[in-house]
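Everything on this sheet refers to the single structure shown next.
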Amino acid sequence: MTQPAPVPPVRSSNDAYGARRRRGKGYAWAAGILGAGIPAGLLWWLLAPGGRNLISGDSALSSGTNSQGWLPRDLVLAGLFVFAGCLVAVLLSCRRDGGTRRLLLLSVAASAAAAVVAWQTGVLAGLLLGAPQDTSANASVAFSLRSLTVLVLWPAAVAAGFFVLRIIGLLRASVEQDPDGNTADGRTWQ
């Protein structure tokens, strides 16, 4: 009588795609995202009105007492957060193990924490490096963030950017499988 063939060992989904799973690698990724909050906060203070004001250079907006500089100050941080979130999404989708839900959730959580770190770094830079401001009339006279919803933009850009890149990758893979552009029901891509 012949012996049955040995059963192959069960592999995780990451091993099936050839990716090796090492402990702590995701945490180093998250620490890198979190650490990016410090230069983002310093860049916010350098570029925004009320800080060094390197974007506009308008001396009227350099003082925090001018309320017309408050919205551009928040928009500079919003732009930095959207850029950082898109960059994280692109880097995450280019990783060999970037498709895991665990790493995506870790990236979104680290991006939320990095947004808070960037905000507080910019405020600290305004306190230490900026001119002293009299905040008795309004707290926004000092270098600060008026709209706290800006803090959601970095993690939202990571999630949305990763989603869009995954959809594009899936569409590209489906087109590459059938070079004529034929779909399953006989229609062709235009």
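Looking across the range 127-138 at every residue that is farther than 16 Å from residue 49 by Cβ and hydrophobic (A, V, I, L, M, F, W, C), the one that is modelled with the highest pLDDT is identified as 128.
In the range 118-134, what count of residues is obtained for those that are of a type in the set (D, E, K, R) and assigned to a helix (DSSP H, G or I)?
Looking only at that region, the number is 0.
In the range 89-110, the residues that are in contact (Cβ under 8 Å) with a residue 60 or more places away in the chain and closer than 17 Å to residue 36 by Cα form Cβ pairs under 8 Å with partners that are of a type in the set (Ser, Thr, Tyr) and surrounded by fewer than 15 Cβ atoms within 10 Å (Cβ to Cβ), at six or more places apart or across chains, as follows: 106/27. Number of residues in the range 47-85 that are of a type in the set (A, V, I, L, M), touching a residue at least 24 places away in the same chain (Cβ under 8 Å) and either in contact with a Leu (Cβ under 6 Å, 6 or more places away or on another chain) or under 27 Å from residue 103 (Cβ atoms) (or both): the value is 7.
The range 1-117 holds helices (runs of 4 or more DSSP H) entirely within its bounds, and those carrying 2 or more residues that are closer than 20 Å to residue 150 by Cβ and modelled with pLDDT of 90 or more map to 25-35, 37-47, 70-94.
The values are calculated or read from the model by the stated rules, or taken from the named source; none is laboratory data. Model, not experiment: these values are computed from the prediction. Ideal geometry is used to build each Cβ from the backbone, glycine not excepted, and the neighbour counts take in all protein chains shown.
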